[in-house]
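Each reported figure results from applying straightforward, stated rules to the coordinates on display, with no laboratory input. Quick caveat, the model's predicted, so the values are computed rather than measured. Using ideal geometry, Cβ is built from the backbone for each residue, glycine included, and neighbour counts are taken over all protein chains shown.
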Amino acid sequence: MNKRGKLIVILAAVAIMALLLTACGGDKDKAFIGKWDVTSMELDGITVSADDIKELSDGSDKETYIEVKSGGKAEANLLGDKSKMKWSLDKKDDKKIIVDDGSDKMEGTLVKKDELKLESKEMGLSMTFKKR
């Protein structure tokens, strides 16, 4: 094979690798996408369990969860009070996300494959979720 043929093969291989690496970027998002049910909340050192949160719903069947959707969109439901948010992967750590509801930002950390912890140091709030 002449030099030109080798160059074409090398460039084609580089192009294919670039496409594969770009496609893998979406896989990092997949770890976060889905519905996450709250398992506990902590505010200023006071911890509230999921059972306590259900009791606060006055016996109704209102859920507390966050749904992380593709395209950087998310929706939270806190005992029937829904809000829309945006999210993005942390640029430095692909096991972290930034969730923004327009007024506050929370940092989310993937603790385990099915456990997400959202924190706002400004509000003194921490929420732990389990993936459905």
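Structure data summary
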{"item": "Summed side-chain charge close to Gly124 - residues other than Gly124 whose Cβ falls under 13 Å, Lys, Arg +1, Asp, Glu -1", "result": "-4"}
{"item": "Using a Förster distance of 22 Å, the FRET efficiency for Ala50-Arg132 (Cβ separation, nearest 0.05)", "result": "0.95"}
{"item": "Extension gain (nm, one decimal) between Glu42 and Lys96, 0.36 nm per residue minus Cα-Cα", "result": "17.5 nm"}
